Amino acid sequence: MKINSLIVEIDGIDKEILRDLMEDARKPILQIANKIGISGAAIHQRLRKLEQSGVISGSKFTVNNKVLGYNTMAFVGVYLDKAARNAEAVRDLRKIPEVLECHYTTGNWSILIKIICRDNEHLMQLLNTKIQAIEGVSRTETFISLDQQIERQIQL
């Protein structure tokens with residue numbers, strides 16, 4: 001996904017709307033409007049402009065992985081034998097549901113992925129049978145997350 005190099009300027013009202021919705025995307029628009037002191041229609045109009053400009057791209061629910069039995073999060077540095085294999089490797093990684101994020105990076109690895117697994121055994125099976133089996137993957141380096149201590153979006 002290519003990011004637009006155009007920088008969008010937002011004002012204080014836009015920031016206030018975004019802060020409220022980033023905190024709780026289900027917060028009623030009229031509650032935000034009353035807090036800010038503008039109409040609900042004005043909020044909707046501003047949200048439409050923010051979406052059209054690419055500042056926001058919808059809303060989503062956050063699933064608690066641990067409640068669903070996924071207790072092991074890991075970051076895996078993927079070494080490719082050739083940089084030209086990146087697109088193929090990413091295509092294959094996209095097919096693995098446990099891969100949550102995939103980043104093209106500088107440094108030693110070609111790709112850095114974030115994965116979620118039920119446990120260490122599931123992680124080992126995933127590495128051995130799926131990730132390391134991808135054509136062009138020469139080796140991987142795995143870091144298990146013991147605890148996620150910060151999770152946030154950019155502060156406005």
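Quick grid of which residues meet (1) of a type in the set (S, T, N, Q); (2) touching a Leu at 6+ places or on another chain (Cβ under 8 Å):
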residue	(1), (2)
Lys15	no, yes
Glu23	no, no
Gln52	yes, no
Ser57	yes, no
Asn64	yes, no
Being open to solvent by 80 Å² or more (accessible area, probe 1.4 Å), in contact with a strand residue (DSSP E or B) (Cβ under 8 Å, 6 or more places away or on another chain) and not hydrophobic (A, V, I, L, M, F, W, C) is the filter here, so list the residues in the range 72-104 that pass it. Asp81, Arg94, His103, Tyr104
Any idea how many residues of the range 22-69 are closer than 30 Å to Ile96 by Cβ and within 17 Å of the chain's Cα centre (by Cα)? 13
Since Gln125 meets every condition but one in (1) surrounded by 10 or more Cβ atoms within 10 Å (Cβ to Cβ); (2) more than 27 Å from Asn86 (Cβ to Cβ), which condition does it not meet? (2)
Within the range 19-28, work out how many residues are open to solvent by less than 40 Å² (accessible area, probe 1.4 Å) and either in a loop (DSSP other than H, G, I, E, B) or at pLDDT 95 or above (or both). 1
Selection count where residues are over 15 Å from Leu80 (Cα atoms) and in contact (Cβ under 8 Å) with a residue 24 or more places away in the chain, scope the range 128-155: 5
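The values are calculated or read from the model by the stated rules, or taken from the named source; none is laboratory data. If you're wondering where the values come from, they're calculated on a predicted model, not measured in any experiment. Virtual Cβ from ideal backbone geometry, glycine too; neighbours counted across all protein chains shown. Note: accessible area is taken over every heavy atom of the protein model, side chains too, but ligands, DNA and RNA are not part of it. Shrake-Rupley method; radii C 1.70, N 1.55, O 1.52, S 1.80 Å.
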